[in-house]
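The structure appears below as structure tokens.
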Amino acid sequence: MPDPVTAAAGVTVGGALTWAYENRKQITEALTSLKDWWWKPDNRPILVLGPGGCGKTTLLRILAGERDWLIDNPWIYNESTGIEKCPLADDPDVQIVTTPGQPHRASVYWPDLKVDLAAGRYRGIILLSAYGYHTLGEGIRLRDHPLYRSRVPKPTQEFLTRYLPNRRGDELRVLKQLTEPLRSCRERVWLLTVAAKADLWFDEWDEVQRHYTTGEYGQAISELVSGLDPARFRHDLALASLVIANFSTVTGDAIQKSIAGYDHQAQIESVRRLIERVIALKDWEAAV
């Protein structure tokens, strides 16, 4: 039977669900290898950071072996009590996620975090984004958001035209905060950009891909990697949907529905591609 990660490149989205269950044993083996890699004794853990509500905890649960993405209902989200989220004290829009067993806790201020990155304290960084679809802050109603205008036609739609570019700018700002310390790091380190919530922007796939490869975000990545030894630094990109859910506020205000036609099969295919990228980084780490 073919390798579950690399040999499925020709599988259509429509056949992803069938493929996943037929290859369940091999998929389980691949995820077990990731679990062992994630939890291996190491004084250089992996840093996961990004805006609130982008899927950091869900992704970490998949990689740490705490969630079976073929069995767990993707519409039901139960946060593991063993996973801790901590906002940066000087940048509360950005959260750091850690798991039990890490040899140290992440710094909670940008200056300290940059020192850790430059010193090579982390062997890899997973930077979560969502093409601007960041969950609104705890307790904020849509009508109370400073970018919401009630006296315009279709105020919710108009809000999105203002909110999403604003949040994409924030994603770019976080990436640029990482650029200098990563460029000055003397240790081998990798960066994985995960653009999540594809179920909300699937109908703009080409535009989203351009943004993260050749657009503003992609250009910032090019500046980061320029002149760096590929044996010392590597960047990868994955476009994915970790949980299928409508875009709404924490208080329940509906903002946008998931794109029609983006279903569990499409989600499985996106997670397969994501795992493929993570395994490539795992292999890169092992190469000397």
> Do you know the relative contact order of the range 115-273, to the nearest whole percent, from alpha carbon pairs under 8 angstrom that are 6+ apart?
Replying inline: 31 percent
> Is there a pair in Lys35/Lys257; Lys35/Lys176; Lys35/Lys197; Lys154/Lys176; Lys85/Lys154; Lys257/Lys282 whose C-alpha atoms are over 26 Å apart, and which pairs would that be?
Replying inline: Lys35/Lys257; Lys35/Lys176; Lys154/Lys176; Lys85/Lys154; Lys257/Lys282
> Once the Cα gyration tensor of the range 128-179 is found, what semi-axes does its equivalent ellipsoid get, as square roots of 5 times the eigenvalues, in whole Å, sorted largest first?
Replying inline: 24, 12, 8
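We did not get these values from a lab; they are worked out from the coordinates using the rules stated. Owing to the predicted nature of the structure, the values given are computational and were not obtained by experimental measurement.
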